[in-house]
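The structure appears right after this line, and notes come after that.
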């Protein structure tokens, strides 16, 4: 831990040295929520989000907060170690070509619906999962799609002398719809409560857990988490099939899959609470996690140390240094391309609009890892070879 701030109702524990005022203001709001428990934890990659900082960990009693989970419910990482020790550039290019043909990126979806069996079974969805029921057929077109922003598929060389495959993606438009629906409901309930309501400008409206709305949100959130995991699984399967076709290697270890946008019931400091991890990864003692870097930088397979001060959590990535529009304004396209070309990474940086995902838009992943040595230990460091971005 780097800093402790004790000016609010409960302390703020920070795993980074510098924090901009907007992000700090959001963290202060969290610390003054009536439902907030014990302290607020800000991971080494923390930066401003919608309502709650990305890279934040909040424990609550009696309520769940949709905006403390975020709009990409269940977003996370999936990594697989292959039996390959090397992969030359011509093979990497063939794999990228195959990926572009097999997996829609950005706002694109599959033209034909994917088999319903590829999605988690929603059960009695009309009764228990009303938003999922409404969006289910659309979701069949979204399964096995990457999305845009910071989502990626990457081929990497590990410090264990193995080639690794990695996917970063989430619940696509399904999670966005669920998040928006229940945040709106939370705001309506907050308005009814009047003077007890959380200030609207905080964007942290709550859903009581003893309400029908709160319970429905938890069910739909859980479905989105499962959908996001299935989405990553479908893409990883497609990637592995392409690797087999291109290289002949069919040796793959069991996948490691972790989410970093969700709420879960856990026990901390001798109390059962709901831990909201928004851009944070669970890091229980001995539990493996994935911390990706930005395009062109290393990623890490890590093992949790179970530190109670972070609610047994760690960062979910490098964290943004510049906002998306800011990166497009201030970064030099040629310089950012040269950074990647110098490292011999097959990358997706082509136009000024791509600068929002350039290396210069992100914090130094080495520093981020160093700032959380009390939360995790590095198991394998992964150097990028080729990346497909949304």
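Every condition in (1) part of a helix (DSSP H, G or I); (2) in contact (Cβ under 8 Å) with a residue 12 or more places away in the chain; (3) surrounded by fewer than 20 Cβ atoms within 10 Å (Cβ to Cβ) is met by residue 264 except one, and the failing one is (1). Filtering 241, 245, 213 for residues that are closer than 26 Å to residue 30 by Cβ and over 15 Å from the mean Cα position of the chain (by Cα) leaves a single hit, 213.
Going residue by residue through the range 346-359, is there one that turns out to be closer than 30 Å to residue 284 by Cβ and within 20 Å of the chain's Cα centre (by Cα)?
No, the range 346-359 has no match at all.
Can you find, within the range 324-349, the residue that is modelled with the lowest pLDDT among those that are surrounded by 15 or more Cβ atoms within 10 Å (Cβ to Cβ) and not in a helix (DSSP H, G or I)? It comes out as 348. In the range 27-40, the residues that are at negative phi and modelled with pLDDT of 95 or more reach residues that are part of a helix (DSSP H, G or I) and crowded, with 21+ Cβ neighbours inside 10 Å with C-beta atoms within less than 9 angstrom, at least six apart or across chains, in these pairs: 30/68; 36/30; 40/27; 40/30. In the range 202-209, the count of residues that are in contact with a helix residue (DSSP H, G or I) (Cβ under 8 Å, 6 or more places away or on another chain), closer than 26 Å to residue 356 by Cβ and part of a helix (DSSP H, G or I) is zero. The condition (being part of a loop (DSSP other than H, G, I, E, B), touching a residue at least 40 places away in the same chain (Cβ under 8 Å) and under 19 Å from residue 183 (Cβ atoms)) is satisfied by just one residue among 49, 56: 49. Checking 110, 141 one by one, the residue that is more than 20 Å from the chain's Cα centre (by Cα), over 17 Å from residue 69 (Cα atoms) and part of a helix (DSSP H, G or I) is 141 and no other.
Per the conditions (1) surrounded by fewer than 21 Cβ atoms within 10 Å (Cβ to Cβ); (2) modelled with pLDDT under 95; (3) under 22 Å from residue 18 (Cα atoms), the sole criterion not satisfied by residue 358 is (1). Limited to the range 144-177, what total is found for residues that are surrounded by 24 or more Cβ atoms within 10 Å (Cβ to Cβ), over 13 Å from the mean Cα position of the chain (by Cα) and in a helix (DSSP H, G or I)? Total meeting the criteria: 1.
Every test in (1) in a helix (DSSP H, G or I); (2) farther than 18 Å from residue 274 by Cβ is passed by residue 67 save one, and that test is (2).
Answer yes or no as to whether residue 87 is in contact (Cβ under 8 Å) with a residue 12 or more places away in the chain and either more than 19 Å from residue 221 (Cα to Cα) or surrounded by fewer than 24 Cβ atoms within 10 Å (Cβ to Cβ) (or both). Before you say what the answer is, go through the steps one by one.
Values: in contact (Cβ under 8 Å) with a residue 12 or more places away in the chain: yes; either more than 19 Å from residue 221 (Cα to Cα) or surrounded by fewer than 24 Cβ atoms within 10 Å (Cβ to Cβ) (or both): yes.
Against the criterion (in contact (Cβ under 8 Å) with a residue 12 or more places away in the chain and either more than 19 Å from residue 221 (Cα to Cα) or surrounded by fewer than 24 Cβ atoms within 10 Å (Cβ to Cβ) (or both)), residue 87 qualifies.
The values are calculated or read from the model by the stated rules, or taken from the named source; none is laboratory data. Just so you know, these numbers come straight off a predicted model, no measurement behind them. Using ideal geometry, Cβ is built from the backbone for each residue, glycine included, and neighbour counts are taken over all protein chains shown.
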